[in-house]
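Comments concern the structure below.
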Amino acid sequence: MNSVGHKRSGQLFSTFASISRNRMVERKLLFLTGVYTLIGMLVLFLAMPGSTGLIALEAGLAAVAGFFLVHIYWHFTGFRGDCLLLPLTAVLTATGLVFLFRLNPAYGMRQSIWLLVALVALLLTTRLLKDFRFLDDYKYIYALVGLIALVLPIFFGKEEGGAKSWLDFGLFQFQPSEFVKILVVLFLASFLDENKEALAAGTRSVGWLNIPSPQEWVPLVAMWGVSLLLLVFQRDLGTALIYFGTFLAMVYVATSRIFYAVFGMGLFLTGASASYFLFDHVRTRVETWINPWPLIDTTGYQIIQSIFAIGSGGVTGTGLGQGFPTLIPAVHTDFIFAAICEEMGLAGGVSIILLFMIFVYRGMKVALKTKDDFASLAAAGLTAILGLQAFIILAGVTKMLPLTGVTLPYMSYGGSSLVANFILLGLLLNISHEAGSRL
Amino acid sequence: MKQNILKLGYLLLGLLSVLVIYLSYMQMFRGPALADNPYNHRFQEYEAQVRRGTIYDTKGVALARSDYSQNKSKRVYPAGQNTAQVVGYINELYGRSGLESAYDRNLLGMEGADRFRNLINKLLGREQLGGDVTLTLDSALQRLAMDMLGGRRGAVVLLDPRTGAVRVMASSPSYDPNRLEDIWPQLLQDTQKPLINRATQGAYPPGSTFKIVTAAAALATDPSLAQKNFECPGYLVVDGYKLNDTAVHGEVDLTRAMAVSCNTTFAQLGVTAGADGFQRTVKAFGLLQEPPVGIPARAGTMAAAGSLIPTELASSAIGQGKILVSPLQMALSAAAIANKGIIMQPYLVDTVKDSLGTTVESQVARTWLTATTPEIALKIKEGMVSAVKNGTAQAAAVSGMQVAGKTGSAQNPQGQSHAWFIGFAPSDQPRLAVAVILENAGSGGTVAAPVAGSLLAAAVAAGY
C-alpha cells in the first residue's frame, strides 16, 4: 500500500517536472519571434501616418499572443509535437504579416484576422485529430470530396490572375485547391500504405517489366488525370505541378521504384509539352520566362518588375519601407518574396529560404521517427507538398523557372492558404506527437 | 522506406539550395544592372523623396542642380548645351544619361552612411539629402571650346597628361538639357546626332595624327630609324599599288617627316614595323579598348590581324584604312608622348561627397597604360615640336610657350576631310594635352590647329 502510494506520487512528480520543462525550446524561440515581430511592427508604426501604424502594432501583438496561447495550451496538455515547427511557422507568418501591412494595411488587417482563424484551426487539429490514425480509413471519401472541391470552381469559379480556382462567397473567397492538397496527401498515404507491396513487386509481367494489376494502378493514373484537369480547366499550372510532384514523391517513397517517378515525370512532360502547343496561356508563360524583355508592356511586365525589385535589393536591402515593391502588380500574394528581397536584401531572402529548409528538415525528421508506414508516408507527403509549393513560387518570382501562380506558404496574403497550411502543420505535429519526438 | 524518405528530403533541400545560389547570383551579380535598367522606375520614385545633390565643375561652378518651388523639384543645367553630353540629364520621360546617371546613387544619398542617415530622416519626417559631385572639368574653358566649335560638327578634349584629369570635353552640335520636353522628338531625328558624345563615342579615321603611333611602332622595331634619312619622291609603291603623297618632300629625317607630315615615309615605317609590331603598339596606346573615363566610351577599331596586308598596313600607318578612333583616345595618345610614354587613367570626377560634405570618393592619379619608352616618346616629341615651329601645325603656336603638335586631314566617305589636331604644351614640361576634330571641315593645319592653339593659350592663362 505504502509502496504503491510512493510510486504514484513519484510518477506524479516526474510528470509535473516534465510538464514544467515541457516545450521549453518552443517557448524560448517564440519569445525571440515575438521580439522580432514587434520590432518589425514598431518600424511600421513609426513610419506610417495616422492610425494604421497603431493597428499594425496591435495586429503584431495579437499575432504574438495567439502563438503563445497555442504554445501554452500544448504545454499544459502535455503535447509532445516537434518544438521547432511552430516557431518556424511563426517567423514566416510574422514576416509575411509585417510585409503585408507595409505593402497595403488593408490586406494586413484581413490577414491578421485570418491568422487568428488559422491558429484556432491549428489548435482544433491538434486536439480533435490528435489520434490521427483513424484518418487512414476514409481514403475514398477524401478522393471524392477532393475531386468535387476541385471541380466546383470550373463551373462556379471566379477567374483571378489567369487561374480559375476560386469560389466566391461574397464576404470572402475560398480556394479549394489549398485544402485539397491535404486530402491528396492523406489519400495517397492511405492508398499507398495498403497497396505498396503490390505496386512495388508487380503482379503480372509484360515482357521484362513487372506491372501491378489494374486495381492497384488505376487510382494512381486517376491522380495524374486530376493534375491535368487542374492544368487544363483551371489553368492552375502551379497547383498541378505541386500535386503531381508530391504524388510522384510519395509513390517513390512507398514503392522504392524509381521507375514510377521517371515514368510519371515522362507523363507529365508529355502532358506539359502537349499543353504548350495546345493552350495559349501555357505557351505565353514559357515564352515570358525565356525572354520577358520584348513583352515588358504585356505579359512580361510582372516578372520583370519582380526581378527589378530583387535586383534593387542588393545584399542588405533598402530597409523595411524604403523600397518600392508596390511597383510589382499583385505583390501581396505571389510576389511577396520579391518585396522581401528588395527591402531585406539577399540576407533576408536567403533567410526565408533557410527557414523553409529547416521546416523541410524537421518535417522529414518527423517522417523518419514514426513507427508505421501510414504515418511516415503522410508526414513525408505533407512536408514534400509544402516544400515543393515554396520552391515552385520562389523559383517563379526569381525567374529561375516559369512563373506559376501559387501562394508562398505562411507568407502570401490569402485566408485559404494560411488556414490550410496551419492545418497541415497541425497534422505534422500530431504525427510527431505520436512518435514522441520533442527536441 | 525510411531510406527513400531521406532521399526525398535531400532532393527538396537540394532544390532549395540551388535557389539560394541562384538568388545570390541574381542579387549580387545581376542586381546592379537590374537596378539601373531604364525600365526600372525606382530611381524616379526615390527621387521624388530626396533633395538630389549638385554637380560642380573644378572651380565650384554648378553644372547640374535641383531648384525647388512649391515642393516640386526641377533639375537645372546652368551650363546648358556646353556640358550636355558629359553631365547628361535625368528626365522622367526620357531616362538618364552621362554623369547624372553614372553617379545617381551618390547624388540621391543611396550610398554608404547617407543611406542610413536618410532612413532616419525618413522616419523622422525630415528631408532626405543627396551628396555632391565635383568634376575635373573647367566650365569656362569648356564654354570657350564650344564657342570655337561654333555649332559645327566636332569635338574637343583637353586633359592633364600628368594626372589624367579631363579639363574640357566638348561635343558639337549640342542641345539644351533644360528643354528636353520641347526638343526631344527633333533630337531623335536630327541627322547630326547631338545626343552622341562625339568626344568619347565618335569613330573617326585619325588621319596623319596617327603618325605618332606609327613612329612609335617603327622605333620599337628598329631604334636606328631615329638617325636614318628617308627619300620621298612624292609616291610609294606597295605590292604594286602606287600611293600618292601630297608633295615631293625629298630627303627627310624622322623629325622633318613628322613636321611636314610625309605620307611616303610613314607608310614605309608602317610596313617596316610589320603587322604584329604595328598592332602591338596600337594596342599599347590603348586604342583598341574603351578608355575607363566613367561614361560610355567607344573602343577603337582597326583591320583584323589577319587582314593587315601590306597595302592595308601602309594606309593604316597614315591613319586611313580601317582605323577608327575617338577624340579622347587621340588626346590620350598625345598625352602618352607628353608624359614620357605613360598614359594616366583619364577621369572626369574629382571628388564625391556625401550629404554632410564628407569626401567619400577622391580620384588619385593612376597609371593606365605604358604606351612606349621615354626615348621613343622624346624622339616623337621632337617631330611634334618641329611641326609647330616650321611644319604643318604652325597655326597652333602660342606666344611665350612652345607647343608640340600633329595635324591630320583625314579622308572619309562623307565629303571633305576631317580636320584634326593633337598636341601638348608646354613641350618641355607638358601640363596640357589636347585633341581637336572638326568633321568635314578641311585641312587640320588651317582649321583645327588654331582652335587648339587658342584653347591652350586660354588654359595656360587660367593657371593650368
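Ligands, DNA and RNA left out, the 1.4 Å accessible surface of the protein assembly as shown is 61% carbon and sulfur atoms.
Relative protection proxy for B:24-35, B:440-451, from highest mean packing down: B:440-451, B:24-35 (other beta-carbon atoms within 10 angstrom). The charge dipole of chain A, taken about its Cα centre with unit charges on the Cβ atoms of Lys, Arg (+1), Asp and Glu (-1) only, comes to about 1220 debye.
Take each peptide in A:240-251, B:62-73, A:323-334, count the other Cβ atoms within 10 Å of every residue, and average; sorted highest first, the result is A:240-251, A:323-334, B:62-73. If you wrap the tightest convex hull around every Cα atom of the protein assembly as shown and split its volume per residue, you get 238 Å³.
Per residue of A:356-365, other chain Cβ atoms within 10 Å of the residue Cβ number 4 on average.
Taking every protein chain into account, the accessible area of region B:305-430 amounts to 38 square angstrom per residue (probe 1.4 Å). Rounded to 0.05, the FRET efficiency of the B:ASP276 and B:LEU11 pair, given R0 = 56 Å and the Cβ-Cβ distance, is 0.50. Each of B:GLY60, B:ILE437, B:SER171 was scored by the projection of its Cα onto the charge dipole of chain B, and the greatest displacement toward the positive side belongs to B:GLY60; charges sit on the C-beta of Lys, Arg, Asp and Glu.
Cross-link candidates for B:LYS340: which aspartates and glutamates have Cα within less than 15 Å, leaving aside residues fewer than 8 places away along the same chain? Filter leaves B:ASP160, B:GLU375, B:GLU382, B:ASP428. The mean number of Cβ atoms from other chains found within 10 Å of a Cβ in peptide A:318-326 is 4, as a whole number.
Heavy-atom accessible area buried between chains B and A is around 4200 Å² (1.4 Å probe, both sides summed). Derived scalar couplings between HN and Hα for region B:135-150 equal 8, 8, 5, 10, 5, 5, 5, 4, 5, 4, 4, 5, 4, 6, 5, x Hz in order, rounded to whole Hz, by the Karplus curve 6.51 cos²θ - 1.76 cosθ + 1.60 (θ = phi - 60°), x for Gly and Pro. Convex hull volume of the Cα atoms of region B:341-425, normalised per residue: 188 Å³. Spin-label model, A:ALA347 to A:VAL35: label points 7 Å out along the Cα-to-beta-carbon direction sit 1.6 nm apart. When the Cα positions of B:ASN121, B:MET1, B:SER101 are compared along the charge dipole of region B:1-125, B:MET1 comes out farthest toward the positive end, with charges on each C-beta of Lys, Arg, Asp and Glu.
With runs of 4+ DSSP H residues as the only contributors, calculate the mean residue ellipticity of chain A at 222 nm using -39,500 (n - 2.57) per run, divided by the residue total and rounded to the nearest 500.
-25500 deg cm²/dmol
Of all lysines in the structure, the ones whose alpha carbon falls short of 16 Å from that of B:LYS211, not counting any fewer than 8 places away in one chain, are B:LYS283, B:LYS322, B:LYS379, B:LYS381, B:LYS406.
When the convex hull of its Cα atoms is viewed from all sides, chain B shows a mean projected area of 29.7 nm². Computed over protein heavy atoms with a 1.4 Å probe, the accessible surface of chain A works out to 41 Å² per residue.
For the listed peptides B:200-213, B:75-88, a ranking on the average number of other beta carbons within 10 Å per residue, highest first, reads B:200-213, B:75-88. The alpha carbon centroids of region B:169-227 and region A:225-285 are separated by 59 Å.
Can you compute the helix-only [θ] at 222 nm over chain B? Use -39500 (n - 2.57) per DSSP H run of at least 4 residues, normalise by all residues, nearest 500 deg cm²/dmol.
Here the helix-only value at 222 nm equals -11000 deg cm²/dmol.
Of the beta bridges in the protein assembly as shown, as assigned by DSSP with both residues counted there, near 95 percent are antiparallel.
Assign unit charges at the C-beta atoms only (+1 for Lys and Arg, -1 for Asp and Glu), then state the dipole size of region B:133-285 relative to its Cα centre in Debye, rounded to the nearest 20.
Here region B:133-285 has a charge dipole of around 140 debye.
Given Cα pairs under 8 Å that are at least 6 residues apart, what percent is the relative contact order of chain A?
22 percent
This model, with +1 at the C-beta of Lys and Arg and -1 at the C-beta of Asp and Glu, gives the protein assembly as shown a dipole about its Cα centre of some 1760 debye. Taking a cut-off of 18 Å between Cα atoms, list the lysines near A:LYS371, but don't count ones fewer than 8 places away on the same chain. Cross-link targets: A:LYS130, A:LYS196, B:LYS2.
Look at the stretch A:389-400: the mean tally of other chain Cβ atoms within 10 Å of its residues' Cβ atoms is 3. Positive end of the dipole of the protein assembly as shown (Cβ unit charges, origin at the Cα centre): among B:GLN49, A:GLY396, A:LEU42, the Cα lying farthest that way belongs to A:LEU42.
The values are calculated or read from the model by the stated rules, or taken from the named source; none is laboratory data. Treat the numbers as computed from the prediction; the structure is a model and nothing was measured. So basically every Cβ, Gly included, is an ideal-geometry build from the backbone, and we count neighbours across all protein chains shown. Ligands, DNA and RNA are excluded from the accessible area calculation, which covers all protein heavy atoms including side chains. Shrake-Rupley method; radii C 1.70, N 1.55, O 1.52, S 1.80 Å.
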